[in-house]
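Before any comments, here is the structure.
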Amino acid sequence: MMSNFYVGNDAGMLADSLGGARYFYGMRRDPDGYLYFAKVDQLDVADGIQINNVGDEPSQDYPGFSPGQDFFEGRDTYHNLVYRNLNYEQFRWDDRNIYYYINDDGEFVVRINQSYTYSDDI
């Protein structure tokens, strides 16, 4: 039963205020070629993400981070990192709960609103 008296924003009002950018999805590749993926739900207080790694040169930080703004230019035409301190070379925001994974055939697959259990094995 729901109370007739409520103070503050409920989850629906908070989700609407995010403007279609509830989930953050980030991808990066390590020097060995392994692909890493991060998913953050802004409505989950336990979720968080570090955009720039700590580095000696602040000029190598990505300066344009803004919630809701996608970024796909983490590498140049020669596949070199554009911002060495940027933790995720590509990231996007979406209001849909999306699950990305690589299947047994090596294909990059996406599921929308269908959960997927990620393995910790490499």
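Given the Cα-Cα distance of GLN60 and ARG29 and 0.36 nm per residue of separation, how much length would full extension add, in nm?
9.4 nm
Less than 5 angstrom separates the built amide H of ASN87 from those of ASN52, ASN53, all sequence-distant by 5 or more or on a different chain.
Where does each of 71-80, 103-112 land if you order them by average Cβ count within 10 Å, highest first? Can you show the working numbers first?
Values: 71-80: 10.8, 103-112: 8.8.
Ranked by mean Cβ neighbours within 10 Å, highest first: 71-80, 103-112.
With Cβ to Cβ distances under 15 Å as the rule, what net charge do the other residues near GLY64 carry (K, R +1; D, E -1)? Could the numbers behind the result be given before it?
Working: positive: ARG92; negative: ASP61, ASP70, GLU73, GLU89.
Once positives and negatives cancel, what remains is -3.
Other residues whose C-beta falls under 14 angstrom from the C-beta of LEU81 contribute a net charge of -2, scoring Lys and Arg +1 and Asp and Glu -1.
With a Förster radius of 30 Å applied to the C-beta separation of ILE112 and VAL82, the computed FRET efficiency comes to 0.55.
Model label sites at ILE49 and ASP121, defined 7 Å from Cα along the beta-carbon direction, differ in position by 2.8 nm. Across region 11-112, Cα-Cα pairs more than 23 Å apart make up 33 percent of the total.
Every number in this text was worked out from the coordinates using simple rules, so none of it is lab data. Note that this is a predicted model, so its numbers are computed, not measured. Positions of Cβ are generated from backbone atoms using ideal geometry, with glycine treated the same way; all protein chains shown enter the neighbour counts.
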